[in-house]
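Student: After the structure tokens below, expect a handful of questions from me.
The values are calculated or read from the model by the stated rules, or taken from the named source; none is laboratory data. As the structure is a prediction and not an experimental result, all values here were calculated from the model. Note: ideal-geometry Cβ built from the backbone for every residue, glycine included; neighbour counts use all protein chains shown. In case anyone asks, the SASA skips ligands and DNA or RNA and just uses the protein heavy atoms, side chains included. Shrake-Rupley method; radii C 1.70, N 1.55, O 1.52, S 1.80 Å.
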Amino acid sequence: MSRPAPSPDSDLSLPAAAAVAGLCEKTIRRKIDEGQIGAFKVGRSLAIPRGELDRFLEARRVPVVPRGER
């Protein structure tokens, strides 16, 4: 059985954020340290608001131009 997708307003753990973004946990942690992704501590763990991750991913998006239109 597959897991349901996190809701848009939920907080993600570091491993979950890495899986959603298609990046490794180390990269997500580095982007948090650089201030590119907002996160907060919950005990000893990090929580990343889904909206923060979506904002980061949208900023990295590159438009795709079909070959004939270059």
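Student: Determine whether region 4-18 contains at least one residue that is open to solvent by 80 Å² or more (accessible area, probe 1.4 Å), modelled with pLDDT of 95 or more and among the acidic types (Asp, Glu). Give the steps one after another, and end with the answer.
Tutor: Applying the first criterion (open to solvent by 80 Å² or more (accessible area, probe 1.4 Å)) to region 4-18 yields 4-5, 8-9, 11.
Those left that are additionally modelled with pLDDT of 95 or more: 11.
From the residues that got through so far, the ones that are among the acidic types (Asp, Glu) too are 11.
Yes, that holds for at least one residue.
Student: Another question about this same structure. Of everything in region 50-70, what is open to solvent by less than 100 Å² (accessible area, probe 1.4 Å), part of a helix (DSSP H, G or I) and farther than 20 Å from ASP9 by Cβ? Give them in sequence order. Show your work before the answer.
Tutor: Initial filter on region 50-70 (open to solvent by less than 100 Å² (accessible area, probe 1.4 Å)): 50-54, 56-57, 59, 65-66, 68.
Now restrict to residues that are part of a helix (DSSP H, G or I): 50-54, 56-57, 59, 68.
Result: GLY68, single match.
Student: For region 32-44, give me each residue that is within 19 Å of SER10 (Cα to Cα) and surrounded by 10 or more Cβ atoms within 10 Å (Cβ to Cβ). Spell out the reasoning first.
Tutor: Applying the first criterion (within 19 Å of SER10 (Cα to Cα)) to region 32-44 yields 32, 36-44.
Residues satisfying the conditions are ILE32, GLN36, ILE37, GLY38, ALA39, PHE40, VAL42.
Student: Scan region 27-49 residue by residue and report those that are in a helix (DSSP H, G or I), touching a helix residue (DSSP H, G or I) at 6+ places or on another chain (Cβ under 8 Å) and in contact (Cβ under 8 Å) with a residue 12 or more places away in the chain. Show your work before the answer.
Tutor: Keep residues of region 27-49 that are in a helix (DSSP H, G or I), which gives 27-33.
Right, trim to touching a helix residue (DSSP H, G or I) at 6+ places or on another chain (Cβ under 8 Å) and you get 27-29, 31.
Result: ILE28, ARG29, LYS31.
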